[in-house]
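Heads up: the structure comes next, in structure tokens.
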Amino acid sequence: MSSILTNNSAMVALQTLKGINSNLAKTQDEISTGKKVANAQDNAAVWAISKVMEYDQSSFKTLQSNLNMAESVVTTARKGGENVQSLLNEMKNLAAQAGSDGNDYATINAQIVAKKAQITSIVNASQMNGANLLKTNPVPGQTDFSVLASMDRTAGNAVTSKVSITVASVDFEANIVGATVTTIADRASALTAVGEIEALFTLAKDGVAKLGTAAKRINDQSNFVANLADSLKAGVGALVDADMEEASARLQALQTQQQLGVQALSIANQAPQTILSLFK
């Protein structure tokens with residue numbers, strides 16, 4: 001039955017065209033933004049998960065930056081410690097040289113004193129960003145240096161623990177700079193100085209080894225955090241990024257459907273005109 005009051009065909013064609021236009025607009029948004037889930041309205045559950053992952057990814061990038069700075073602090077101290085170790089070895093050789101009769105003890109002692117003063121200068125200068133692990137207090141009021149290394153999250157999205165890496169001071173300031181080396185005035189005092197310097201050399205060696213171990217641990221954690229941040233970024237992309245190839249194919253199909261929908265609506269709108277022919 002034909003009616004001049006209700007054009008059912010046009011109504012169906014119009015609703016179909018509206019649906020096509022809606023899908024077309026959404027597809028165009030996906031292509032322009034690069035995201036299939038751009039806001040909570042698109043998919044609330046996926047959007048919420050992606051935001052937590054984005055937050056964690058940003059946090060891990062910050063942690064990586066902090067770890068890199070901490071590694072620089074430890075590495076600076078390690079290199080300073082290696083220089084101290086080298087100077088102590090030179091001091092020991094000078095003292096050993098004075099262990100034979102007939103040496104210029106005063107000159108040798110002056111050289112040792114000068115090298116010990118150089119050690120003091122190195123210990124004071126081996127700092128990065130105000131932290132110096134060769135001193136008794138690497139940072140004011142503390143005998144160690146800590147850096148936040150990781151944050152653990154439960155399935156309920158709550159951060160349950162924060163893990164730090166703590167590096168203790170090797171305290172060259174008190175143990176080496178503050179140590180007394182016997183003044184070399186004769187063969188006997190030279191032999192005493194050799195033993196004292198040997199003990200300081202051992203302290204320096206052990207301290208440098210500890211700093212090297214700490215630097216390696218921080219570096220390993222930094223690499224882990226960097227990989228974790230990259231994994232989270234990839235995970236967020238898998239959740240919210242649009243498949244551009246699929247979106248492009250869908251866009252072309254919807255544009256074709258839109259053209260056909262417009263034609264169908266046009267044909268449906270012409271149907272009432274045929275009723276007029278019945279009255280001619």
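The values are calculated or read from the model by the stated rules, or taken from the named source; none is laboratory data. Every value quoted in this text rests on a predicted model; they were computed, and no experiment measured them. Please note: Cβ atoms are built from the backbone with ideal geometry, for glycine as well, and neighbour counts cover all protein chains shown.
Just need a number here: residues in the stretch 193-244 that are in contact with a Lys or Arg (Cβ under 8 Å, 6 or more places away or on another chain) and of a type in the set (F, W, Y).
Selection size over the stretch 193-244: 1.
Say we look at the stretch 232-243 and pick out the residues that are of a type in the set (A, V, I, L, M, F, W, C) and more than 13 Å from K35 (Cα to Cα); which of these is surrounded by the most Cβ atoms within 10 Å (Cβ to Cβ)?
Here the residue is L232.
May I ask you to say which residue of D186, D206, D152 is of a type in the set (D, E) and either buried (at least 18 other Cβ atoms within 10 Å of the Cβ) or under 29 Å from K61 (Cα atoms) (or both)?
After applying the criteria, what remains is D152.
Let's see how each residue does on (1) in contact with a Pro (Cβ under 8 Å, 6 or more places away or on another chain); (2) part of a strand (DSSP E or B); (3) among the basic types (K, R); (4) farther than 30 Å from D29 by Cα:
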position	(1), (2), (3), (4)
V147	no, yes, no, yes
S164	no, yes, no, yes
N175	no, no, no, yes
D206	no, no, no, yes
L211	no, no, no, yes
N227	no, no, no, yes
K233	no, no, yes, no
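So, of the residues in the stretch 174-200 that are closer than 15 Å to L88 by Cβ and charged (D, E, K, R), which turns out to be farthest from the chain's Cα centre (by Cα)?
Applying the filter and picking the extreme gives E196.
Determine the pairs where a residue that is under 19 Å from K35 (Cα atoms), located within the stretch 244-259, has a partner that is β-branched (V, I, T) and not in a helix (DSSP H, G or I) with Cβ atoms under 8 Å apart, the partner being 6 or more residues away or on another chain.
Partner pairs satisfying both residue conditions: none exist.
Report whether or not S150 is in contact with a Leu (Cβ under 9 Å, 6 or more places away or on another chain), among the hydroxyl-bearing types (S, T, Y), at pLDDT below 95 and farther than 20 Å from E82 by Cα.
Yes.
Out of the residues in the stretch 21-44 meeting the condition of being small (G, A, S) and under 27 Å from the mean Cα position of the chain (by Cα), tell me which one is surrounded by the most Cβ atoms within 10 Å (Cβ to Cβ).
A38
Does L87 satisfy the condition of being within 17 Å of N175 (Cβ to Cβ) and touching a Phe, Trp or Tyr at 6+ places or on another chain (Cβ under 6 Å)?
no
Counting just the residues of the stretch 98-117 that are surrounded by 15 or more Cβ atoms within 10 Å (Cβ to Cβ) and in a helix (DSSP H, G or I), which one comes out farthest from the chain's Cα centre (by Cα)?
Out of the qualifying residues, it is Y105.
Might you let me know whether the stretch 71-83 holds any residue that is within 43 Å of the chain's Cα centre (by Cα) and basic (K, R)?
yes
Consider only pairs whose beta carbons are under 8 Å apart and that are at least six residues apart or on different chains; among these, list those whose first residue lies in the stretch 6-29 and is acidic (D, E) and whose second residue is crowded, with 16+ Cβ neighbours inside 10 Å.
Close Cβ pairs (under 8 Å, with a partner that is crowded, with 16+ Cβ neighbours inside 10 Å) amount to D29/A38.
Which one is nearest to Q97 (Cα to Cα), of the residues in the stretch 169-182 that are surrounded by 15 or more Cβ atoms within 10 Å (Cβ to Cβ) and in contact with a Ser or Thr (Cβ under 7 Å, 6 or more places away or on another chain)?
Filtering first and then ranking leaves T182.
Given the criteria part of a helix (DSSP H, G or I), in contact (Cβ under 8 Å) with a residue 24 or more places away in the chain and either touching a strand residue (DSSP E or B) at 6+ places or on another chain (Cβ under 7 Å) or not assigned by TED's automatic domain parsing to the domain that holds N137 (or both), does S59 qualify?
yes
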